[in-house]
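Here's the structure, in structure tokens; my notes come after.
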Amino acid sequence: MVVRTRVILQALRLQTTLPGSRTSISWSSVRTRRSYEMASQTMTRIASAPYGSETTSPYWRKNIGGFSYLTFVVQHPYAESDKNMATAAGATGTDGWVGYVGPFKVARPSWQEIAYPSTEAEKHQIIVSPKITLSNGISQSLSYTTLYRTNQSFGAHKTGRITDTSGNVVFEQAADGSKTAVEEISRSPDFTSLLQANGKIYSVTHFESPSPGAAYVSELEQDSATGKLAVKSSQPLDFSADGGVWKPCAGSDTTWGTHLGSEEYEPNARVIDVANQAVDFGSAAFATQRNAVSFLRYFGEYKQASGVTPASMRAAGFYPYSYGWAWEAKINPDGAATASKHYALGRHSWELAYVMPDSKTVYGTDDGANVFFSKFVAKVAADLSAGTVYCAKFAQTSAAGSEASEFASIVTWVKMAELTDAEVKAQVKVLKFQDILDTADPDVNKTCPSGFASVNAGGNGLECLKLKTGQEKWAAAFEKRRYAGMLGCTEEFRKWEGFTFDPKRMTAYTAISEASCGKEDNMKKGKATAQYDAGTSNDIKVKFNTCGCVMKLSMGTDYSITGMSALICGTMGSYNGGTDTCDPAGIASPDNVAWIPDFNQLVIGEDTSQHQNDLLWIYDMSSQTMTRIASTPYGSETTSPYWYKNIGGFSYTASPTRTWRRRRARLERMDGSGMSDPSRRRL
């Protein structure tokens, strides 16, 4: 049975949960899933979502046809632990939503907070702030607007339908790996952009799962009087020149009006590029890499893991170094959309790539366990095809072992390499892991042999690595995270997610879903272990906080980040009879964030199992308060909320909602796995 996903754009902001409830909530403000008012430093709850859902990728879309929009996504209602609620009275279905709140005429709003969902009916719905009051005193009612549902037809195309390298339909697989007659329809929409080109409005939406992934470009129509958006046409983007797209997660809009996408949880080339290329994927050694077998459908092959070897994968067209890149989509003058990967930015688990106002500096967040932070500086503004890659070194200035909410650090940058798209792409199908790096085993004391660097990156545990002669450039390109560790950069973060920027304060904001493992001092969730710090420089030492934090990052006029500290963190505990493990009055597992220009507010979205319903919040910087502005249904996730300002005279908040995937699985699955399926694996 095909499960549909509702695609909705909405003007929302933040997420959180109140005491005594199992539902996540969004707060009002002009920023992230929670709306945090910077001037007042208050938060307003402006929306809630059904049981088990996740709110992701809040984004403020400014000046689209004179309107602004707050966009965000709600993923997988009734996921995993809340599956039993999917058939309860009042259930709204396991469909995900892509949508927006708005449109808004440009004026600073005050959001009406929503109550924390308490009834079963409320926990099955997307609930948003019913009203905002603008700075001119005029009030405006709000609602959640559906653009489309997955599996909805527009001409010859169905939204979310997975296609192969020739543009043909990909089908689901039977237990024996054979092709079925059921079309593969993704119900996991993620980041959704709003683009203006050629006097028209377009939207690009990521479909993260299953494998292979997809992205769809839609042409939208706008009612000039009301600002309401509607889909005119939709079709998949063609990634055949780059081997397809792998798990496109969050994204952003560039300063020059294009879409910047991502590929997270890249295949582990060390595992796949083994010396014995005849070993089949049914063996235990490949347990974390079997998404690659499912991806073979992109090349027309339907097989069981036991029928696939690394050699046969390459023969089919699958190369591990083809995946794990940022990519850009643009609308051409003839109205056609094209997408291409930017190999110059380097390969890792891209959660998000974000371009700064100079149109040259790009920051990249890395999703998983023991991950790092990177920067790219383009040679030419608005051209990401060539530039220099850097990795970040953190020097903690707060006390070792202090609370995550007290964390502060100096940030410096280590140059990795100068790269171009063309030169890196030319090596994608040529180089293997063993062409770049030598490996050795650590001894019983976790010490590497002489000449080998100790690295603990990407959930792979302690590795002993040595660069082969003359391979610095290729290490920076293809094994960027591992090479960053060899250069001494910090690789102790866990679940580094969204990123946004406030140009007036020259401050960026980023979400880190959990302070644990590598961020602790030789511990995992408060219990002693060297699993995550062995092989690292142990730069960060804070107490465990499963609820996560939103961080603020300072920088100079050159847009180079120089420091990071905590803005707001969730509070651990047992609430609502144990159904919530983070205080419902605050954030839980913050995922994506968005800044609302001119409003001094941050939108914060959740991807959590610590609140039963994921929330969207507004954090007000002036009052330092939070407003809950949205909540999503059981099991779903709000992905990639985004604020779009002045699109045809209106503003919009857009956020897809997807219906199946539980946050706890996402937080746990990277424990030593290197790479695994974020939508299906649960530990």
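The values are calculated or read from the model by the stated rules, or taken from the named source; none is laboratory data. Everything quoted here is computed from the prediction, not taken from an experiment. Using ideal geometry, Cβ is built from the backbone for each residue, glycine included, and neighbour counts are taken over all protein chains shown.
Any residue in region 555-567 that is of a type in the set (D, E, K, R) and in contact with a strand residue (DSSP E or B) (Cβ under 7 Å, 6 or more places away or on another chain)? No, the conditions are met nowhere in region 555-567.
Which residue, of 239, 191, 171, is aromatic (Phe, Trp, Tyr) and modelled with pLDDT under 95? Talk me through it step by step, then tell me what you get.
Details: 239 fails: modelled with pLDDT under 95; 171 fails: modelled with pLDDT under 95.
Matching residue, one of 239, 191, 171: 191.
Of the strands (runs of 3 or more DSSP E) contained entirely in region 604-683, not one carries at least 2 residues that are among the hydrophobic types (A, V, I, L, M, F, W, C), at pLDDT below 70 and surrounded by fewer than 23 Cβ atoms within 10 Å (Cβ to Cβ).
Among the residues of region 286-336, write down those that are of a type in the set (Asp, Glu) and more than 30 Å from residue 202 (Cα to Cα).
As a first pass, look at region 286-336 and keep what is of a type in the set (Asp, Glu): 301, 328, 334.
Once the filter is applied, which keeps residues that are of a type in the set (Asp, Glu) and more than 30 Å from residue 202 (Cα to Cα), region 286-336 yields only 301.
In summary, residue 567 fulfils each of the numbered conditions (1) surrounded by fewer than 21 Cβ atoms within 10 Å (Cβ to Cβ); (2) in contact with a Lys or Arg (Cβ under 6 Å, 6 or more places away or on another chain); (3) closer than 26 Å to residue 47 by Cβ; (4) at pLDDT 95 or above with the single exception of condition (1). Taken as a whole, the condition of being among the polar types (S, T, N, Q), in a strand (DSSP E or B) and surrounded by 23 or more Cβ atoms within 10 Å (Cβ to Cβ) applies to residue 192. If you go through region 457-496 and keep only what is at pLDDT below 95 and touching a Pro at 6+ places or on another chain (Cβ under 8 Å), you end up with nothing. Residue 500 meets all of the listed conditions (1) hydroxyl-bearing (Ser, Thr, Tyr); (2) more than 30 Å from residue 602 (Cβ to Cβ); (3) within 27 Å of the chain's Cα centre (by Cα); (4) assigned to a strand (DSSP E or B) but one, namely (2).
Residue 266 fulfils the conditions (1) touching a Cys at 6+ places or on another chain (Cβ under 7 Å); (2) of a type outside the set (Val, Ile, Thr); (3) closer than 29 Å to residue 433 by Cα except for a single criterion, (1).
I'd like to verify a number: residues in region 50-75 that are at pLDDT below 75, closer than 16 Å to residue 591 by Cβ and not polar (S, T, N, Q), how many? Counting residues in region 50-75 that are at pLDDT below 75, closer than 16 Å to residue 591 by Cβ and not polar (S, T, N, Q) gives 4.
Among the residues of region 313-351, the ones that are over 28 Å from residue 457 (Cβ atoms) and either of a type in the set (Lys, Arg) or in a helix (DSSP H, G or I) (or both) come to 3 in all.
Conditions tested, residue by residue: (1) under 18 Å from residue 517 (Cα atoms); (2) part of a strand (DSSP E or B).
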| position | (1), (2) |
| --- | --- |
| 353 | no, yes |
| 359 | no, no |
| 364 | no, yes |
| 374 | no, yes |
| 378 | no, yes |
| 385 | no, yes |
| 388 | no, yes |
| 392 | no, yes |
| 400 | yes, no |
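Just one of the listed residues (594, 588) is modelled with pLDDT of 90 or more, in a strand (DSSP E or B) and buried (at least 21 other Cβ atoms within 10 Å of the Cβ), namely 594.
Here's the yes/no breakdown for (1) closer than 23 Å to residue 343 by Cα; (2) out of contact with any strand residue (DSSP E or B) (no Cβ under 8 Å at 6 or more places or on another chain):
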{"residue": "383", "(1), (2)": "yes, yes"}
{"residue": "406", "(1), (2)": "no, no"}
{"residue": "433", "(1), (2)": "yes, yes"}
{"residue": "445", "(1), (2)": "no, yes"}
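Please find, among 307, 335, the residue that is over 26 Å from the mean Cα position of the chain (by Cα) and at positive phi.
Working: 307 fails: at positive phi.
Just one listed residue meets the conditions, 335.
Looking only at region 178-188, decide whether some residue is β-branched (Val, Ile, Thr), surrounded by 24 or more Cβ atoms within 10 Å (Cβ to Cβ) and touching a residue at least 40 places away in the same chain (Cβ under 8 Å). Steps first, answer last, please.
We begin by selecting, within region 178-188, every residue β-branched (Val, Ile, Thr); these are 180, 182, 185.
Now restrict to residues that are surrounded by 24 or more Cβ atoms within 10 Å (Cβ to Cβ): none.
Within region 178-188, not a single residue is β-branched (Val, Ile, Thr), surrounded by 24 or more Cβ atoms within 10 Å (Cβ to Cβ) and touching a residue at least 40 places away in the same chain (Cβ under 8 Å).
Mind checking which residues of region 462-480 are part of a loop (DSSP other than H, G, I, E, B), surrounded by fewer than 20 Cβ atoms within 10 Å (Cβ to Cβ) and touching a residue at least 24 places away in the same chain (Cβ under 8 Å)?
Narrowing region 462-480 to residues part of a loop (DSSP other than H, G, I, E, B): 468-471, 479.
From the residues that got through so far, the ones that are surrounded by fewer than 20 Cβ atoms within 10 Å (Cβ to Cβ) too are 468-471.
Hits for region 462-480 are 468, 471.
Checking each residue in region 294-318 for being surrounded by fewer than 19 Cβ atoms within 10 Å (Cβ to Cβ) and under 23 Å from residue 346 (Cα atoms) picks out 314, 317. Taking the numbered list (1) within 30 Å of residue 66 (Cβ to Cβ); (2) crowded, with 24+ Cβ neighbours inside 10 Å; (3) touching an Asp or Glu at 6+ places or on another chain (Cβ under 9 Å) in turn, residue 149 passes all entries but (2).
Could you list, in sequence order, the residues of region 237-266 that are of a type in the set (D, E, K, R) and surrounded by fewer than 24 Cβ atoms within 10 Å (Cβ to Cβ)? Walk me through how you get there before you give the answer.
Of the residues in region 237-266, the ones of a type in the set (D, E, K, R) are 238, 242, 247, 253, 263-264, 266.
Answer for region 237-266, where residues must be of a type in the set (D, E, K, R) and surrounded by fewer than 24 Cβ atoms within 10 Å (Cβ to Cβ): 238, 242, 253.
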